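The values are calculated or read from the model by the stated rules, or taken from the named source; none is laboratory data. Values in this document were obtained by computation on a predicted structure and should not be read as measured data. So basically every Cβ, Gly included, is an ideal-geometry build from the backbone, and we count neighbours across all protein chains shown. Note: accessible area is taken over every heavy atom of the protein model, side chains too, but ligands, DNA and RNA are not part of it. Shrake-Rupley method; radii C 1.70, N 1.55, O 1.52, S 1.80 Å.
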Amino acid sequence: RYEPTWSSLDARPLPAWFDEAKFGVFIHWGVFSVPSFGSEWFWWYWQKEKREPYVKFMEANYPPGFSYEDFGPLFTAEFFDPNQWADILKASGAKYVVLTSKHHEGFTLWGSKYSWNWNAVDVGPKRDLVSELATSVRNRTGLHFGLYHSLFEWFNPLFLEDAANAFMTRKFPTSKSLPELYEIVTKYQPEIIWSDGNGNAPDTYWNSTGFLAWLYNDSPVRDKVVTNDRWGVGSICTHGGFYTCSDRYNPGYLLPHKWENCMTIDSRSWGYRRNAQLGDYLTIEDLVKQLVETVSCGGNLLMNIGPTHDGRISVVFEERLRQMGAWLEVNGEAIYGTKPWRAQNDTFTPGVWYTCSPKEGKVNAIFLDWPVSGTLVLGEPQAKLGETQVKLVGYEELLKWIALGEKGIIIALPQLTPKQLPCQWGWTLQLTAI
């Protein structure tokens with residue numbers, strides 16, 4: 001049994017499925033999807049920081065006295081089809097999904113009995129969105145279902161009172177945050193708890209170690225649940241399950257601890273933005289590059305989309321997800337279930353990243369640019385004459401190669417027309433006996 005101490009909790013082995021999965025989809029959805037302007041931090045930027053674009057947006061488009069709470073009934077989700085969402089998630093090649101059950105605005109996407117009249121069953125859609133998506137994902141896909149949950153809430157009076165008392169009182173976590181966490185675990189049995197938003201309070205205020213001890217010892221998901229590292233001031237990149245370290249974290253080198261790169265297809269926001277320009281969205285080439293770099297360095301990629309207030313996954317997000325799925329359809333064996341190799345990227349040719357499939361005895365070299373010369377020079381592999389084989393994934397014949405002394409190999413790529421290429425945006429060479 002795990003004790004409610006970091007030393008005990010941090011010793012828990014991470015369930016193996018998470019490292020093998022490599023790729024997940026994050027979904028930021030909530031009342032912030034109604035104004036869908038600027039950022040999911042809309043309420044804070046408008047009311048607390050009074051940022052000019054947000055203040056002007058409200059003055060120009062809403063009547064005087066319109067409050068953020070008035071957006072609640074406008075979060076309608078009339079086009080939300082959980083089966084369609086599940087099918088798109090499956091098509092993306094992702095192995096897990098993380099839905100925002102509650103963001104810093106405090107609005108819960110399930111009918112929480114601890115969030116009276118500020119939840120999706122009482123207000124807006126009048127539906128349990130968490131339950132509907134969980135059911136569809138479990139019925140139609142093999143994806144692991146996870147939930148994001150914000151510890152703090154910007155404007156909750158109980159939280160503000162505790163903060164004014166320098167967190168010496170604990171009204172908010174005992175009556176709101178912790179009961180919600182127990183509620184979503186018991187009710188929906190998520191396989192990931194993606195915690196966020198410490199509100200500048202320490203983990204002792206949140207009783208994070210007490211909750212995690214229950215989660216790992218006695219909860220219905222104790223054997224398979226995975227957690228992140230956002231459990232109070234000072235815990236990020238130090239305590240918890242996998243490390244996130246910061247948003248859009250992509251170090252480019254191997255880390256000793258399992259980590260995740262959570263990032264957004266819309267480079268400027270996690271929530272949906274009606275005013276986003278095409279150039280704000282990462283291209284599929286950008287996204288494949290992120291995935292390959294992340295996995296080579298031992299991380300998972302958690303790629304975020306923001307649905308609309310009426311429950312649609314916009315076509316640009318759907319296209320990116322399906323493109324990623326098409327790429328993984330060909331190159332998945334160089335991603336899923338792999339381990340980092342002794343070198344993460346090539347020393348000679350830029351844009352080449354390595355993974356290793358130890359069971360199959362293969363090293364995967366994923367290259368993001370097809371060389372004009374038709375030959376690819378790799379500085380890292382040590383090839384053995386008569387033993388080493390080189391294969392382009394998705395192409396039948398073995399490739400010819402020449403060793404470069406002690407270390408390094410020149411590979412002749414097949415002469416293919418664009419239509420004959422096994423895929424676009426990046427290719428995998430499988431090397432055996434190196």
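Tabulated data
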{"item": "Top-ranked residue of the range 326-336 - restricted to ones that are outside any loop (DSSP other than H, G, I, E, B) and either open to solvent by 70 Å² or more (accessible area, probe 1.4 Å) or among the aromatic types (F, W, Y) (or both), ranked as nearest to K289 (Cα to Cα)", "result": "W327"}
{"item": "Test for L278: is it hydrophobic (A, V, I, L, M, F, W, C), open to solvent by 10 Å² or more (accessible area, probe 1.4 Å), over 18 Å from A94 (Cα atoms) and at pLDDT 95 or above", "result": "yes"}
{"item": "Qualifying position, being out of contact with any Asp or Glu (no Cβ under 9 Å at 6 or more places or on another chain), open to solvent by 40 Å² or more (accessible area, probe 1.4 Å) and within 30 Å of A326 (Cβ to Cβ), among Q84, Q47", "result": "Q84"}
{"item": "Residue list for the range 337-348, filter: open to solvent by 30 Å² or more (accessible area, probe 1.4 Å) and part of a loop (DSSP other than H, G, I, E, B)", "result": "G337, P340, W341, R342, T347, F348"}
{"item": "Identity of the residue in the range 282-296, open to solvent by 30 Å² or more (accessible area, probe 1.4 Å) and in contact (Cβ under 8 Å) with a residue 12 or more places away in the chain, that ends up nearest to the chain's Cα centre (by Cα)", "result": "Q290"}
{"item": "Close pairs from the range 192-206: first more than 20 Å from R222 (Cβ to Cβ), partner open to solvent by 10 Å² or more (accessible area, probe 1.4 Å) and of a type in the set (A, V, I, L, M, F, W, C), Cβ under 6 Å, at least 6 apart", "result": "G197/F152; N198/V233; G199/F152; A201/F167; P202/V233; Y205/F167"}
{"item": "Residue, most open to solvent (accessible area, probe 1.4 Å), within the range 1-29, restricted to residues that are among the small types (G, A, S) and farther than 30 Å from A91 by Cβ", "result": "S7"}
{"item": "Residues (within 16 Å of V226 (Cα to Cα) and of a type in the set (A, V, I, L, M, F, W, C)) located in the range 246-262", "result": "W259, C262"}
{"item": "Pair list, Cβ < 7 Å and 6+ apart or interchain, from the range 1-12 residues that are closer than 15 Å to T204 by Cβ to residues that are modelled with pLDDT of 95 or more and in a loop (DSSP other than H, G, I, E, B)", "result": "W6/H239; L9/Y2"}
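Listed here are the residues, each with its yes/no results for (1) closer than 23 Å to V292 by Cβ; (2) surrounded by fewer than 12 Cβ atoms within 10 Å (Cβ to Cβ).
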| position | (1), (2) |
| --- | --- |
| E380 | yes, no |
| T388 | yes, no |
| V393 | yes, no |
| L404 | no, no |
| K407 | yes, no |
| Q415 | no, yes |
| Q420 | yes, yes |
